[in-house]
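Please read the structure below before turning to the comments.
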Amino acid sequence: MGITGPKRRMEEVTAETLEEVMRVNITGVVLMCREAVKRTSTTHGGRGGMIVNLSSTATAAGSPNQWIDYSASKGAIDIITRGLSREVGAEGIRVNAVAPGYTLTDMAREGEIEARFDSFKHEVPLGRIGTV
């Protein structure tokens, strides 16, 4: 999960919106991962486990004209996931990220992405947009 803030171009990003997006999408994930490692790492007496972070396919295109900062935050999730997987793999913890493709969510509706989904269907192996 994550937040985007309002649809906007880069010149409209406020410090407050940027701080909130990064706090929720990056800081929240880092703190959750920290707590999961403390509780599941064999180094700390745990039995191992798995952490699944939520990334986004928005990292590929960067979400121009709507959420570049959101895409950047999800790119950070990819880096956190890769680094943490190498850091704690030997401690019995698998770390992965899921990056859902085109999915009709409330965020897609609010960001006016839904209207463009038909033009993306050819990129999806099943030929349809995902639903929640």
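List the residues whose amide H sits under 5 Å from the amide H of N53, counting only those 5 or more places along or on another chain, with H placed 1.01 Å from N in the peptide plane.
Long-range HN contacts for N53: N96, A97, V98.
Show me, for segment 69-80, the HN-Hα J-couplings you get by feeding each phi into the Karplus relation (A = 6.51, B = -1.76, C = 1.60, θ = phi - 60°), rounded to Hz, glycine and proline as x.
5, 4, 4, 5, 5, 6, x, 4, 4, 4, 5, 4
List the GluC sites (Glu not before Pro) within segment 53-124 that DSSP assigns to loop and that have no more than 12 neighbouring Cβ atoms inside 10 Å.
E112
Please tell me the relative contact order of the chain in percent, rounded to the nearest whole number, where contacts are Cα pairs under 8 Å and at least six residues apart.
26 percent
So, by mean Cβ neighbours within 10 angstrom, what's the order for 35-43, 12-20 with the highest one leading?
35-43, 12-20
Quick one: length gained pulling R86 to R34 fully straight, 0.36 nm per residue minus the C-alpha distance?
Here the answer is 17.3 nm.
Once you put a point 7 Å from the Cα of M10 and another 7 Å from the Cα of L54, both along the Cβ direction, what distance in nm separates them?
Calculated label separation equals 2.7 nm.
Just add up the charged neighbours of R39: K/R +1, D/E -1, any other residue whose Cβ is under 14 Å from the Cβ of R39.
+1
Using the scaling law 2.2 N^0.38 Å as the reference, what is the normalised Cα Rg of segment 1-90?
After normalising by residue count via 2.2 N^0.38 Å, the value is 1.24.
Taking θ as phi - 60°, what are the ³J(HN,Hα) couplings along segment 54-67 by the Karplus curve (6.51, -1.76, 1.60), each to the nearest whole Hz, with x for Gly and Pro?
So the Karplus estimates, Gly and Pro as x, are 10, 9, 7, 6, 4, 5, 5, 9, x, 6, x, 6, 8, 8 Hz.
List M1, M107 from most exposed to least, where exposure is judged by having the fewest other Cβ atoms within 10 Å.
Least to most surrounded, the residues fall as M1, M107.
Rule-based calculations on the coordinates, nothing more; no lab input. None of the values given here were measured: they were computed from a predicted structure. Note: ideal-geometry Cβ built from the backbone for every residue, glycine included; neighbour counts use all protein chains shown.
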